[in-house]
1. I'd like the Karplus ³J(HN,Hα) series for the range 11-26: coefficients 6.51, -1.76, 1.60, θ = phi - 60°, whole numbers in Hz, and an x wherever there's a Gly or Pro.
2. Net charge within 13 Å of residue 31 by Cβ-Cβ distance, Lys/Arg positive one each and Asp/Glu negative one each, not counting residue 31 itself?
3. Using 1/(1 + (r/R0)^6) with R0 = 22 angstrom and r between the beta carbons of residue 31 and residue 89, what's the FRET efficiency to the nearest 0.05?
Amino acid sequence: MRKARTDTYAHTITGRMSRREELLEELAQLREREGVLANDPDALDRVLESLGYNGPVRLTPRTPRVVLFYRGELRQYVLGSLKEHGPSTTRQLAQRLIQVEGKDARDRRMMADVCSAHRQSPLANAGR
């Protein structure tokens, strides 16, 4: 085994950090693409069903929905966050929640899902 040229391994660390960033970026792109691909067949199936198509096409089975929050969990978080930080936008609440959960805030799909879940909650619609 050859002796390292430096004692700090700075070059190796920098290279590994760059590779890590590349992998995380690729993972985010794959998640986004997976979400698009998962939604497209479902949308086509719903259109075919609504048009009454009974042909030889095999319709994909409905997948169970992903539960982002357990009953009352989102409400409890939102109320606590509003008490602590005051009035906030849905996006600000979602960013805080993702940070508290230890998730990647750069994940646009997750951010959209959390914002959507908040907008659909009874708490968000209470003032309307």
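1. Once rounded to whole Hz, the list reads 5, 5, 4, 4, x, 5, 5, 4, 4, 4, 4, 4, 5, 5, 5, 5.
2. Here the count lands on -2.
3. 0.35
Taken together, the values in this text are just the output of simple stated rules run on the coordinates, not laboratory data. Since this is a predicted model, take the numbers as computed values, not measurements. Cβ: placed from backbone, ideal geometry, glycine included. Neighbour counts: every protein chain shown.
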